[in-house]
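Report on the structure given below.
The values are calculated or read from the model by the stated rules, or taken from the named source; none is laboratory data. None of the values given here were measured: they were computed from a predicted structure. As a convention, Cβ positions derive from the backbone with ideal geometry for all residues, glycine included, and neighbour counts pool all protein chains shown.
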C-alpha cells in the first residue's frame, strides 16, 4: 500500500491532486441537473454529488461551487426554485461530460450537445430526454460549507419519473436495467452490474441474499 | 415512464418508500467507517453518503442520522476526532452489509463479522484489512440539516493509503482494479467496470477519450 500524507497532497500539482482526491472517496452518482432561467434560457450540467438525505421527507442534497462551472445551475434554481435530476446512461456519457466545459452564462449545453430537452405536461423545467430516472425537485434550503466556500443545496423530491423496467415490487429501482453509469473521479465513466442484494441486516443473523427478488 | 408524486410517495409503506427514494438518486459510494472509542472499543459501519467536497483543501462529507444506527460511529468520532474510510470490495459485501444490523452500543461489528481490524504504525484508529483504498480522516466541522435532523460531517483527508495497482500517473485511482463496489439503494451491491475516461471538457471541442491512459 502506498501512503500519501496531507503534506504530500498539498504539494502535488493541481491536476494530480484533483484526480487523487476526487477518486479516493469511491464511486459517485452521475446526474445531469437541468434548469431554466426566469428569461427562459435552459441549462444542463453534470453533477456527481447528488446524495440521498432521507426518505421521510424525501430529501436530496448536492454541492455547488459558486466560483466555478456550473454557475447557471445555481442562478436558475435561485430564480425559479425548481430543477430536474436526470440519470446518465451509457449512450450519453460523452455529451454529459461535455456539459462540464466552461461556456459563457446563458449558453445552453442542450444547444452544444446531442442531449435533448424533454418537457412534461405541467412542468416548466426541462428534463433530459431518454434518461430512465428523472426527479423533479424543489429547492428547500442551503448550507454554506465555510471550510471551502461550497454550498450544500437541500431539495425535496416532488416527482419521481422512471422507466417501469427498473422497478421492483418493493419500490427498489434496479439501475443497471437502465444502463445507468457511475463516476470514478472527475472523468471516469463506469457501468455497474448487480452482484447481490441483501435483506435487512439483523444482529447475530448471517446476511441473507434477496435472490428471489433479483429475477 | 411511471410518474410518482410527492403525495403518493408520502402514502407509501415505509419500506417501499425507503427503497424508492434510496435508489432514485443514482449509484452511491460503499464505505466502511471504522472508529475507536476513548475506552478502546472499536466499531465499523457501512456508509453510502461519503462525498468528495473539494481537493484544496482535501475535504469529504458524510451524513449521520443520530437517532438510528450507527450511533457509535458518531460518538467515537466526537471522542477521538479521527476515523478511517475503507472501500468495500466484492469479497466483503455480505459482512459489510451486516454492519448495518442494530447491535448494542459498545459491541464491535469487527467481532460479529469476518471483517478484520488493521493497525498501521503511528495510527490509533483501525483500518479495515484488505480494503484497497483507505483514508485516515480528521473531524473538522458539522452542519445540522434541520429539514430532517441529520448531521453533515465535514472531515479532512490526512492520509490516503491505496493499492499501487489502482494508481495512474496523473493521480487517478481506477477503482475497478480493486474490485470495489457501489451501492444502489440500501441493499443492492454492484460491481462497476470502466467504460471510458474523458479529457478535460473544453467549449466547442468534442469530448476526447483518455484511451492512452486506460491501459
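Brief remarks on what is shown
- Per the listing A:29, A:23, A:5, the residue uniquely farther than 30 Å from residue B:10 by Cα, within 16 Å of the chain's Cα centre (by Cα), at pLDDT 95 or above and at the interface with chain B (Cβ under 7 Å from one of its Cβ atoms) is A:23.
- The set of residues in region B:96-106 that are facing chain A (nearest Cβ under 7 Å) and farther than 22 Å from residue B:26 by Cβ comprises B:98, B:101, B:102, B:103.
- Among (1) within 7 Å of chain B (Cβ to nearest Cβ); (2) surrounded by 23 or more Cβ atoms within 10 Å (Cβ to Cβ); (3) more than 30 Å from residue B:194 (Cα to Cα) - the single one residue A:182 does not satisfy: (3)
- Scanning region B:133-144 for residues that are more than 8 Å from every other protein chain (Cβ to nearest Cβ) and either at pLDDT below 95 or under 14 Å from residue A:2 (Cα atoms) (or both) turns up just one, B:136.
- Some residue of region B:163-173 being within 8 Å of chain A (Cβ to nearest Cβ), over 29 Å from residue A:172 (Cα atoms), surrounded by fewer than 16 Cβ atoms within 10 Å (Cβ to Cβ) and modelled with pLDDT under 95: no
- Complete set of residues in region A:1-33 that are touching a helix residue (DSSP H, G or I) at 6+ places or on another chain (Cβ under 8 Å) and part of a strand (DSSP E or B): A:2, A:4, A:32, A:33
- All told, residue A:39 falls short of being surrounded by fewer than 22 Cβ atoms within 10 Å (Cβ to Cβ) and in a helix (DSSP H, G or I).
- Criterion (at the interface with another protein chain (Cβ under 9 Å from one of its Cβ atoms), farther than 21 Å from residue A:28 by Cα and within 20 Å of the chain's Cα centre (by Cα)) met by exactly one of A:158, A:147: A:158
- Subset of region A:32-52 [more than 7 Å from chain B (Cβ to nearest Cβ) and either farther than 24 Å from residue A:127 by Cα or under 19 Å from the mean Cα position of the chain (by Cα) (or both)]: A:32, A:33, A:34, A:35, A:36, A:42, A:43, A:44, A:45, A:46, A:47, A:48
- Failed condition for residue B:102, given (1) in contact with a strand residue (DSSP E or B) (Cβ under 7 Å, 6 or more places away or on another chain); (2) free of Cβ contacts under 8 Å to residues at least 40 places away in the same chain; (3) over 27 Å from residue A:47 (Cα atoms): (1)
- Tally, over region A:53-88, of residues that are crowded, with 20+ Cβ neighbours inside 10 Å, farther than 23 Å from residue A:147 by Cα and within 11 Å of chain B (Cβ to nearest Cβ): 7
- Condition broken by residue A:200, with the remaining ones in (1) touching a strand residue (DSSP E or B) at 6+ places or on another chain (Cβ under 7 Å); (2) at pLDDT below 95 satisfied: (1)
- Set side by side, the residues B:16, B:118, B:109 differ, and just one is surrounded by 24 or more Cβ atoms within 10 Å (Cβ to Cβ) and within 12 Å of chain A (Cβ to nearest Cβ), which is B:109.
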